1. Just to be sure I understand, how many residues within region 1-50 are touching a strand residue (DSSP E or B) at 6+ places or on another chain (Cβ under 7 Å) and under 19 Å from A161 (Cβ atoms)?
2. Among the numbered criteria (1) over 19 Å from E109 (Cβ atoms); (2) without any contact (Cβ under 8 Å) to a residue 40 or more places away in the chain, which single criterion is violated by A22?
Amino acid sequence: MKKAEIADEEIEKLYIKLKDDAGSGGYHLNPDTGFTKKLVRGLLVNQERYGYQACPCRLASGNKEKDLDIICPCDYRDPDLDDYGTCYCGLYVDKEILSGKKKLNPVPERRFMGQKKFNQKEVKKYMDKVLNLEYPVWRCKVCGYLCAREKPPEICPVCKAKRERFEIFIEK
């Protein structure tokens, strides 16, 4: 098999995993199975090319640190679902699109829109006044899940993002 070829069995295996993970987290994959499997193929190509599953509809740099925000599920999935009913590439959709009540429409790129980040110093200053934390609080940058523990979980229990997708939300 050539390097760029992805076996249909690999696509089906990842498709089933993504569908199961999406369902268990309250998300839905695009009901157009042919289209969705093309996106899954793109994820596998990027996995082989870069070592991580960068969004197949965005240009990845090949530097994992720079691309953490576009590793599927990307940091923009939830805001895109809230505003447009689908993520940028159309892999994830809301119930209205899933049921056919609403059509899939283009989603503007959010990646470089300069979204406001949490000001850690301000949050810490406030929290120091209010709490005496025993553990740092970690935030999943994909879905916003928060947990207080020494290290972030290996995998987010909500969206299944890996540990490197977490950031310190509040330091102890």
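1. Selection size over region 1-50: 7.
2. It fails just one condition, (2).
The numbers here are math on the coordinates, done by the rules we state, and not lab data. Note that the structure is a prediction, hence the values are computed from the model and not measured. Every residue, glycine among them, receives a Cβ derived from its backbone with ideal geometry; neighbour counts consider all protein chains shown.
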